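Structure first, then comments.
Coordinate-derived values only; no laboratory data. Because the structure is predicted, anything quoted here is derived from the model rather than measured. Backbone-built Cβ (ideal geometry, glycine too); neighbour counts: all protein chains shown.
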Amino acid sequence: MDFPFSNDNKRYHTLAYENACRGQKQYKAALDAGLTCPNLDGTKGTGGCLYCDGGSGYFTESAAVPITKQLDDELARIRAKTPGAGAVAYFQAHTNTYAPAPVLRELFTAALAHEGVCGLAVATRADCLPPDVLDLLSEFNEKTELTVELGLQTVFDDTAARINRCHAYADFRAGYAALRARNIRVTVHLIDGLPGETAERMVESARTLGWLRPDGVKLHLLHVIRGTALCALYERGDYVPLTREEYIDIVVRQLEVLPPETVIERLTGDGDRRTLVAPLWSRDKRRVLGGIDKALAERDTWQGKLFEEGDA
């Protein structure tokens with residue numbers, strides 16, 4: 001079987017393939033700009049989502065470290081592995097459009113001016129894209145390769161309420177549409193294993209998202225992190241994480257219903273090993289990815305095999 005968006009026998013559209021087509025190896029330089037989130041500061045909620053331990057920047061330095069120093073350190077790490085590689089300045093921790101536009105302009109400008117930086121990635125929520133910030137993102141989209149990453153997690157509003165997401169699918173649709181209207185590249189995050197979600201619902205989230213034809217998708221496994229509200233549920237026996245076999249099956253089924261041209265930027269997330277409570281099998285990332293490849297081959301299936309146009 002020849003998958004058209006692969007050069008290494010993968011049956012899904014990998015980020016490595018996409019970067020190879022661009023002619024340069026690129027890696028994310030994860031940054032913490034010291035911003036917060038409307039679901040943390042009381043604007044929409046407090047405590048964050050059920051699984052939140054204060055932000056998503058597990059692998060960033062402290063926000064007290066200047067952005068330029070964070071980039072120095074990240075580039076040293078990247079180039080120790082791949083000399084000459086480019087770095088995308090990845091504003092990862094918290095909600096990186098949740099600040100006044102002048103503050104964001106200063107942060108993005110400093111990052112883009114740094115030697116070795118070849119693009120920007122900005123992780124945010126779809127309900128944190130006011131007109132002046134959208135204008136700013138459009139401006140940077142003219143200057144560099146820009147990706148805005150939107151955390152959707154699920155298309156089901158009852159699940160979003162259960163995890164204290166504090167925004168609905170309609171909010172995501174509005175933010176996504178505003179970005180696409182400005183020709184800004186968008187990557188969307190889904191989380192598998194959310195409380196109360198069946199495998200069928202997780203596949204339906206991917207199918208519905210696929211109808212929007214996102215530029216990129218990141219699929220994550222839900223991790224139970226020490227100190228979170230999810231961890232309290234887990235310790236009471238009110239939450240059972242997915243098994244490795246369940247996760248692999250769900251991911252394969254999600255890939256089948258996503259459009260083949262969508263770049264799959266992640267197929268499993270990384271929990272902080274210092275605070276990860278469950279599932280411990282997720283630490284063996286190579287085995288998870290190998291299991292997905294094996295299942296795709298055994299089922300003779302691939303990304304987009306079952307994709308059909310629909311109304312999201």
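A cut-off of 5 Å between modelled amide H atoms, ignoring neighbours fewer than 5 places along the same chain, links T187 with V148, E149, L150, G216.
Between the DSSP loop rule and a limit of at most 12 other Cβ atoms within 10 Å, which trypsin sites (Lys or Arg not before Pro) in segment 69-125 are left? Loop-located and lightly packed - none at all. Karplus-derived 3J(HN,Hα) values for segment 148-153, using 6.51 cos²θ - 1.76 cosθ + 1.60 with θ = phi - 60°, are 9, 9, 10, x, 8, 6 Hz; glycine and proline are entered as x. I'd like the distance between the alpha-carbon centres of segment 229-286 and segment 17-81, rounded to an integer number of Å. Centre-to-centre (Cα) distance: 20 Å. If only the Cβ of Lys and Arg carry +1 and only the Cβ of Asp and Glu carry -1, the dipole of segment 15-298 around its Cα centre is close to 480 debye. Quick check: from the Cα gyration tensor, does segment 1-102 come out rounded (a/c under 1.5), prolate or oblate? Since a/c reaches 1.5 but b/c is at least a/b, the shape of segment 1-102 is classed as oblate.
The listed peptides 206-213, 147-154, ordered by packing as a protection proxy, come out as 147-154, 206-213 (highest mean of other Cβ atoms within 10 Å first). Work out the FRET efficiency for E245 and R274 from their Cβ-Cβ distance, taking R0 = 22 Å, and round it to the nearest 0.05. For R0 = 22 Å, the calculated efficiency reads 0.25.
Taking a Cβ cut-off of under 11 Å around L129, the surrounding Lys, Arg, Asp and Glu residues balance to a net charge of -2, with basic ones at +1 and acidic ones at -1. Checked against a 29 Å cut-off, the cross-linked pairs K44/K69; K218/K294; K143/K294; K10/K143 give Cα-Cα distances beyond that limit for K44/K69; K143/K294; K10/K143. Across segment 241-312, the volume of the C-alpha convex hull divided among the residues equals 109 Å³ per residue. In order along segment 280-285, the Karplus-derived 3J(HN,Hα) couplings, from 6.51 cos²θ - 1.76 cosθ + 1.60 at θ = phi - 60°, round to 5, 5, 5, 5, 8, 4 Hz, and Gly and Pro are given as x. Per-residue ellipticity at 222 nm from helix content only, as computed over the chain with -39500 (n - 2.57) for each DSSP H run of at least four residues, stands at -11500 deg cm²/dmol.
Each listed q (0.14, 0.16 Å⁻¹) maps to a log10 I(q)/I(0) for the chain, found by the Debye formula over equal Cα scatterers with no solvent: -1.16, -1.57. Each residue in C37, C21, C52 was given a count of other beta-carbon atoms within 10 angstrom of its own, and listing them fewest first yields C21, C52, C37.
Annotation: segment 179-263 has a Kirkwood hydrodynamic radius of 14.1 angstrom, from the mean reciprocal C-alpha pair distance. Database remark: amide H of A278 closer than 5 angstrom to the amide H of V224 (H placed geometrically; neighbours at sequence offset of 5 or more, or on other chains; Pro and chain starts carry no H).
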